[in-house]
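Here is the structure we will look at, set down as structure tokens.
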Amino acid sequence: MNKLFILTLTAVFSSFAAAATNNAPKPTALEITFKAIDTNVDGFISLAEAENKKGLLHAFPDLDLNRDGNLTETEYEKFTTIIPQKKQNSQQL
């Protein structure tokens, strides 16, 4: 009887764990690209990491709002909005 009870509890808790995993929010495109550029996984994009992304190195000084030499995800988000705007403006000319 104890074995049945333990097996039942195990099944119930396993289903809760699976449900919690499936309900996790999916990362946004911004989060995915930020994490891809952040190769050392410290939560920031350094100047060295920015060298691997076209246009980001050039825009880095303008994006690094607190001038700490790293981009936060919020600072990087500004880059992702600037590039589409520049493309749209150049196409209108």
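The values are calculated or read from the model by the stated rules, or taken from the named source; none is laboratory data. In this text the structure is predicted, and so the values were computed from the model without any measurement. Here Cβ is always computed from backbone atoms with ideal geometry, including for glycine, and neighbour counts include all displayed protein chains.
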Residue, farthest from Lys78 (Cα to Cα), within the stretch 1-49, restricted to residues that are at pLDDT below 90 and among the hydroxyl-bearing types (Ser, Thr, Tyr) | Thr8
Are there any pairs with C-beta distances below 8 angstrom linking a residue in the stretch 41-70 that is aromatic (Phe, Trp, Tyr) to a residue that is not in a loop (DSSP other than H, G, I, E, B), with the two at least 6 apart or on different chains, and if so which?
-> Phe44/Asn70; Phe44/Leu71; Phe60/Leu47; Phe60/Ala50; Phe60/Leu71
